[in-house]
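Below is one structure, written out as structure tokens; the observations come after it.
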Amino acid sequence: ARDRPPAAGSRRARTAPPASGTGMSQWLLTEPAVDDLPELLALLQECGLPHGDVTADKLAEFLVCRAEGRLIATAGLEVCGDTVLLRSLAVLPGYRQRGLASRLLEALQQRTRARRQRQIFLLTTTAQEFFAARGFVRSARQLVPPGIADTAEFRQLCPASATCMHQQLDDQVLP
């Protein structure tokens, strides 16, 4: 069972070390507070990702990372029954190639495993190779579970040309 989500406006910190050679001592992943929503939406817009359905009530499923007081990366889940949609994995260009996207993905995979959910779906127009290198495989968009197909991201926000991918998770839950 999932821990109770934090109260609105609170943050639950998770420390994730950066990839070697980044020059930063650690990446701190946190759940965003309600007042982070405008900055999170601006980050998604800057990275060219859909954000029209990201609202305050969805923030508990997101993680963010800051550097020098600025939001530099985010990713979120949308729970759809026994499966989840990975959405909004975004890292500002100046912070890419430092392991942030991988850290965010790993943290959300772990969250999914802890809930005993075993499948993660996503849509991407630019990061097929990134996700394939991390165990995701292409899927026929018309074969996704109904809960995934009913999300705004699948129905209207992502173009029909976006690549649909999924990952079947193992049962290993890390401490």
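The values are calculated or read from the model by the stated rules, or taken from the named source; none is laboratory data. If you're wondering where the values come from, they're calculated on a predicted model, not measured in any experiment. Backbone-built Cβ (ideal geometry, glycine too); neighbour counts: all protein chains shown. Only protein heavy atoms, including side chains, enter the accessible area calculation; ligands, DNA and RNA are left aside. Shrake-Rupley method; radii C 1.70, N 1.55, O 1.52, S 1.80 Å.
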| note | Of those in segment 98-122 that are part of a loop (DSSP other than H, G, I, E, B) and in contact (Cβ under 8 Å) with a residue 24 or more places away in the chain, the residue surrounded by the most Cβ atoms within 10 Å (Cβ to Cβ) is R98
| note | The residue from A133, A75 that alone is open to solvent by 40 Å² or more (accessible area, probe 1.4 Å), out of contact with any His (no Cβ under 7 Å at 6 or more places or on another chain) and modelled with pLDDT of 95 or more is A133
| note | Looking across segment 123-136 at residues that are out of contact with any helix residue (DSSP H, G or I) (no Cβ under 9 Å at 6 or more places or on another chain) and not in a loop (DSSP other than H, G, I, E, B), the single one that is farthest from E61 (Cα to Cα) is E129
| said: Just checking, does segment 156-175 include any residue being in contact with a helix residue (DSSP H, G or I) (Cβ under 8 Å, 6 or more places away or on another chain), in a helix (DSSP H, G or I) and open to solvent by less than 40 Å² (accessible area, probe 1.4 Å)? | reply: no
| said: Cβ contacts < 9 Å: first residue farther than 23 Å from Y95 by Cβ, restricted to segment 43-61; second residue part of a helix (DSSP H, G or I) and open to solvent by 60 Å² or more (accessible area, probe 1.4 Å), any location; separation 6+ or different chain. Result? | reply: G52/Q156; D53/Q156; A56/V34
| Applying the selection to segment 76-88, what residues are among the hydrophobic types (A, V, I, L, M, F, W, C) and touching a helix residue (DSSP H, G or I) at 6+ places or on another chain (Cβ under 6 Å)? | L77, C80, V84, L85
| note | Residue hits (segment 59-72; within 12 Å of the chain's Cα centre (by Cα) and of a type outside the set (F, W, Y)) are L59, A60, E61, L63, V64, C65
| query | Which ones in segment 36-93 are assigned to a loop (DSSP other than H, G, I, E, B) and either more than 18 Å from T125 (Cα to Cα) or not aliphatic (A, V, I, L, M) (or both)? | reply | C47, G48, P50, H51, G52, D53, V54, T55, E68, G69, G81, D82
| message | For segment 118-159, give me each residue that is out of contact with any Asp or Glu (no Cβ under 6 Å at 6 or more places or on another chain) and of a type in the set (S, T, N, Q). | response | Q119, T124, T125, T126, Q128, S139, Q142, Q156
| remark: Among the residues of segment 78-90, the number that are open to solvent by 10 Å² or more (accessible area, probe 1.4 Å), farther than 18 Å from A132 by Cα and of a type outside the set (D, E, K, R) is 3
| Going through segment 118-149 one residue at a time, which ones are in contact with a Cys (Cβ under 9 Å, 6 or more places away or on another chain), under 17 Å from S88 (Cα atoms) and not aliphatic (A, V, I, L, M)? | F121, T124, T125
